[in-house]
Amino acid sequence: MRQRDQRLAAPIGAGLATALLALAGCSTDDSGTAGHGAPVVTGTTEKVVATDPAGGYDPGSWLLFNNVFQSLLSFPKGGTTPQPEAAESCTFTDSHSQVYRCTLKKGLTFSNGDKLTSKDVKFSFDRVLRIKDSNGPGVMLSALDRVDTPDARTVVFRLKTPDATFPMKIASGAGSIVDHTAYPADKLRTDGKAVGSGVYTLDSYGSDKAVFHVNPSYKGPAQTKNSGMTLKFFNSPAALKKAVRGGSVDVAYRGLSMQDTAALSNASLNQQHGTQVVEGSSAEIMHLVFNLKDPVAGKLGVRKAIAYLLDRSTLVRDVYRHTAEPLYSVVPAGITGHTTSFFNTYGDRPQPDKAAAALRAAGVKGKVPLTLWATPDRYGQGTVPAVQEIAQQLNAGGLFDAKVRSVPTKEYEQGMADGRFGVYVKGWIPDYPDPDNFTQPFFGKNSVLDNHYSSSDIAGRLLPKTSDQPDRSATKDAFRQVQDIVAHDLPVIPLWQGKQYAVARDGVSGLEWTLDSSTVFRFWEISKATDDS
């Protein structure tokens, strides 16, 4: 997310493609939102950290941002190539992907009636970087040098370094545009209100729910299938399950337990209690991470032995109840350049003989003592059971004496940062559906993994090679080389790739258009049948 690995929890598309250079001249349907249809109630266990786009970098906050605020570009349903949203057109104007120019649509206004101009766009980006909130999306805009506004409808982004993924970044919640007269320039707005130009207005926000209505002044490609959305916040999966079964919410999104989702998916019509399970694609992933300075995990032979003993299929069957898929590379399926480097190198079933040989070659004798670290409240309820399953798999062959330690999130994050953990798990939800977002944060400079791994080939040659390539399909070879190097060096072992689910009451439709790898939950695509419809 945004190291949204808070943004960790959703395969589509072939990337930006050459179309990024051709966004100028793209047409969009600006007939506005219909605002008809019954209002919808959605339940979630996610929490909204901020209603101010400069202060939120988590799934709950971006759920709000993506529906209340406009960005210059947006991801179309089922697609990974950004399209014009508040912009009429956008394009790189240089050959090195360092100057990005956008022209705003005519007649844009915020929900309070103020005109939206280039001044507001510049203000919004400058503000994120100026505030530098620890929970904000500023990390996504680190390449931005300055924003120029030659006139009221023109915005020019000048980047410090080439970044062909910049259009994807500004199509995310990080690109939310706010009214310069309604937000302070140097601090967050903390009154729980929001002024945007997106599809919906935020009418009220509290600890138990947020209420949205269709924004009559919205000008963009979205067409609403409802007249409003109420987002209810639940403290537990059990409470959310009870609500959707009882009919007090129409949709349950991000929050039901894996067991309940799997059970409903496999249930008969009578057992579903008037609900339906809608499955979508996801690029959420989980890695097993190794601290290369650890006296045990730092040995390549130990990491190879672990790679040979892992049984991902059993893991996703027994722990995740098939709500995830085995992942055999750091770039997930459905993302440009995906390959199966770990499958090719270590197979898909335990190979104790090869594991033992790897340990012998490294001079390791006897059972390997190993502690696997996890946290129960950061990456989903299956995390600790998953790590326990991995420990059992390692111990089954008699080569390891593995145990599991679980600590709260704050202690877990500090332990990773301090280098106290030899082996631990890290979840990731992408900010944008491009291989760069699965490689640069982990294996580039300033890695979020805190595991002391560096590769001059990856960070110094391959990733820079992809950074100025607007045709993302042309980056496949470089990213495949990255994946092969990671499989050889083993700073991480990819474990699984998630799926997205929503459970809805009968009569609710459109969810299939809002569960894709862009991670944008589009309120406007959801409709609900009424008794007289």
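The values are calculated or read from the model by the stated rules, or taken from the named source; none is laboratory data. All values reported here derive from a predicted model rather than from experimental measurement. Backbone-built Cβ (ideal geometry, glycine too); neighbour counts: all protein chains shown. Only protein heavy atoms, including side chains, enter the accessible area calculation; ligands, DNA and RNA are left aside. Shrake-Rupley method; radii C 1.70, N 1.55, O 1.52, S 1.80 Å.
Numbers for the structure displayed
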| read-out | value |
| --- | --- |
| All positions within the range 128-159 that are part of a helix (DSSP H, G or I), within 21 Å of T93 (Cα to Cα) and of a type in the set (D, E, K, R) | none |
| Residue selected from the range 132-163 under the condition basic (K, R) and touching a helix residue (DSSP H, G or I) at 6+ places or on another chain (Cβ under 8 Å), by the criterion farthest from L462 (Cα to Cα) | R153 |
| Among (1) open to solvent by less than 40 Å² (accessible area, probe 1.4 Å); (2) under 25 Å from D120 (Cα atoms), the one test that G228 misses | (2) |
| Filter result (open to solvent by 20 Å² or more (accessible area, probe 1.4 Å) and not hydroxyl-bearing (S, T, Y)) within the range 92-103 | D94, H96, Q98, V99, R101 |
| Any hit, the range 396-409, residues being modelled with pLDDT of 95 or more and basic (K, R) | yes |
| Test: residue in the range 160-181 that is open to solvent by 10 Å² or more (accessible area, probe 1.4 Å), touching a Phe, Trp or Tyr at 6+ places or on another chain (Cβ under 7 Å), of a type in the set (V, I, T) and within 24 Å of N112 (Cβ to Cβ) | no |
| Sole residue being within 18 Å of Y432 (Cα to Cα) and open to solvent by less than 50 Å² (accessible area, probe 1.4 Å), chosen from S71, S124, S118, S89 | S71 |
| Of the criteria (1) buried (at least 24 other Cβ atoms within 10 Å of the Cβ); (2) more than 20 Å from W513 (Cβ to Cβ); (3) of a type in the set (D, E), which one D133 fails | (1) |
| Members of the range 39-52 that are over 20 Å from the mean Cα position of the chain (by Cα) and open to solvent by 20 Å² or more (accessible area, probe 1.4 Å) | P39, V41 |
| Test result for G298, modelled with pLDDT under 95, outside any helix (DSSP H, G or I) and closer than 30 Å to V330 by Cβ | no |
| Answer from S455, S518 - the residue that is open to solvent by less than 10 Å² (accessible area, probe 1.4 Å) and not aliphatic (A, V, I, L, M) | S518 |
| Candidates A504, A478, A487, filtered to the one that is open to solvent by less than 50 Å² (accessible area, probe 1.4 Å), in a strand (DSSP E or B) and hydrophobic (A, V, I, L, M, F, W, C) | A504 |
